[in-house]
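Scroll down for the structure; my scribbles are underneath it.
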Amino acid sequence: MQAEESTGRGRTRFAASDALRPRAHAAIPGGAHTYAKGDDQYPVLAPGFIARGLGCHVWDVDGNKFTEYGMGLRAVALGHAFPSVVAAVSRQMKLGTNFTRPSPLEVECAENLLEVVPGADMAKFTKDGSSATTAAVRLARGYTGRDLVGFCVEHPFFSYDDWAIGPTALNAGIPRDVTRLTLTFHYNDLASVAALFSAHPGRIAALVLEAARDVEPAKGFLAGLRELCHRNGALLIIDEMITGFRWPQRSAQLHYGVEADLSAFGKALGNGFAISALVGKREIMRLGGFEDDCDRVFLLSTTHGAETHALAAALAVMETYRSEPVVETLERQGQRLKAGIESAVARHGLGGHFQLAGLPANLAYACRDRDGTTSQIFRSLFLQETIRRGVLAPSLVVSYSHSDADIDQTVEAIDGALGVYRRALEDGPEAYLVGRPVQPVFRRRSPGSRLSGGSHPLAADH
Ligand SMILES: Cc1ncc(COP(=O)(O)O)c(C=O)c1O
């Protein structure tokens, strides 16, 4: 136990983080290489830098230990430094990581991944999810000869590329002509999809969505969406960055019984190592090959796309999912966490103010103020008070390494944090929050002027 824990103030000493912060901001725009990890996403009393992780625990540079529920932006589904993955990676690293011709691991890994994607025949690997979804969009445009693409507006993030960031508030640097090519539709709303196709007949290349996020698909929605896409000559692209290797059966497409034309995987596939994939039907994917009867598409050809140690990580991950009850455990521990938090919320009478969303294996939460409006200052307070109690929870995403005891201690910590939340609803959150509140990622200017509202309550990963 850390010294500060025994003082009763909890984890409130972040001297080493505070010392490193100015250097980070001097050397890196925003002080971090991912917005979701940035200082503006956390209250002042928070660990600024994580030194190491093991299982579901991390230690910051001050030596504070946390049970964590962000899990590398949902990439680390097995747990930090998961032994069989680390062993496979280090074995491979000693054999070399990047050659002049392909490694046989590329074939093995593609064949393994295709097992979890019904209807997909081919796969191509890259390093991050954004490149994979963007490749799907380019391929769909090449295949259909159309420029427009539509995405589901309730889903917070698909890619850092222009087609996906153009319609957001953070679109400086993206030509308007590019942004105009991106349209939106609503989840579980086939009428909005039909309206989109009627408004742009013969012009939409593809629709992109997650099969599920905080809300599951209504009966017939995914099948209806697929049917509408095909009737209108467009492709269906499913982003499985989060659902892949987290949802029951390892893919949303298997779980919900839907076949996308193209889909994208990443995150949990590498358990923290950089690997992602575009998978899809041969008829479409072959445009990225050497076919001479069609115009070829330049598809995901990168220097590091198939680094062998990342492929070894993915193979070890997929083997673990085959031989151990990973998705079942994610579901069970998520349920345990959900039930514990829900009874704490009820005990504190916070039903309208602290709300869980999402499937058990992928829980997020929304913090609301006295009026029930999504609130950055209450989110900041919740983060501050859970951090104080040894829990780092930008989301409430469990891993295979979270034990019953970890979950139960977390529920106890959240119960304590919600006690402060309750009092803050009466006295005002400023009385309890140390320093400035957090800010939404997608704001045009910084520092933002809004203290509440404005961000997607589930947005956490970009
Ligand atoms: C649903 C979804 N798609 C795509 C991405 C982009 O993945 P990456 O950050 O690996 O580029 C993310 C990242 O958070 C995501 O959550």
Q: Might you check whether a residue that is open to solvent by less than 20 Å² (accessible area, probe 1.4 Å) and under 19 Å from the mean Cα position of the chain (by Cα) occurs anywhere in region 340-357?
A: no
Q: Could you tell me which residue of region 288-300 is nearest to Ala264 (Cα to Cα), considering only residues that are touching a Lys or Arg at 6+ places or on another chain (Cβ under 9 Å) and open to solvent by 30 Å² or more (accessible area, probe 1.4 Å)?
A: Phe298
(Q) If I ask for residues that are surrounded by fewer than 22 Cβ atoms within 10 Å (Cβ to Cβ) and of a type in the set (A, V, I, L, M), which ones from region 393-412 would you list? (A) Ala405, Val411
**Q.** Residue ID - nearest to the ligand (Cβ to nearest atom), chosen from residues in region 276-287 that are closer than 30 Å to Val86 by Cβ and in contact with a Lys or Arg (Cβ under 7 Å, 6 or more places away or on another chain)
**A.** Ser276
Q | Tabulated pairs, region 39-65, first touching a residue at least 12 places away in the same chain (Cβ under 8 Å) and among the aromatic types (Phe, Trp, Tyr), second in a strand (DSSP E or B) and buried (at least 20 other Cβ atoms within 10 Å of the Cβ), C-beta under 7 angstrom, 6+ apart or interchain | A | Phe49/Asp60
Q. Could you say which residue among Arg379, Arg370, Arg332 is surrounded by fewer than 19 Cβ atoms within 10 Å (Cβ to Cβ) and assigned to a helix (DSSP H, G or I)?
A. Arg332
Q: Could you tell me whether region 368-389 includes any residue that is in contact with a Phe, Trp or Tyr (Cβ under 9 Å, 6 or more places away or on another chain) and within 30 Å of Glu324 (Cα to Cα)?
A: no
Q: Please give the number of the condition Ala46 fails out of (1) in contact with a Gly (Cβ under 7 Å, 6 or more places away or on another chain); (2) in a loop (DSSP other than H, G, I, E, B); (3) not acidic (Asp, Glu).
A: (1)
**Q.** Hey, Leu236 of a type outside the set (Phe, Trp, Tyr) and closer than 30 Å to Val76 by Cα or not
**A.** yes
**Q.** Selection count where residues are within 12 Å of the ligand (Cβ to nearest atom) and basic (Lys, Arg), scope region 123-149
**A.** 1
Q) Can you name the condition, by its number, that Ala234 falls short on among (1) within 15 Å of the ligand (Cβ to nearest atom); (2) touching a strand residue (DSSP E or B) at 6+ places or on another chain (Cβ under 6 Å); (3) modelled with pLDDT of 95 or more? A) (1)
Q: Return yes when His309 is open to solvent by 10 Å² or more (accessible area, probe 1.4 Å), within 16 Å of the ligand (Cβ to nearest atom), over 20 Å from Ala211 (Cα atoms) and at pLDDT 95 or above and no when it is not.
A: no
Q. Quick check: is even one residue across region 22-32 without any contact (Cβ under 8 Å) to a residue 60 or more places away in the chain and within 16 Å of the ligand (Cβ to nearest atom)?
A. yes
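The values are calculated or read from the model by the stated rules, or taken from the named source; none is laboratory data. Owing to the predicted nature of the structure, the values given are computational and were not obtained by experimental measurement. Backbone-built Cβ (ideal geometry, glycine too); neighbour counts: all protein chains shown. For accessibility, only protein heavy atoms count, side chains too; no ligands or nucleic acids. Shrake-Rupley method; radii C 1.70, N 1.55, O 1.52, S 1.80 Å.
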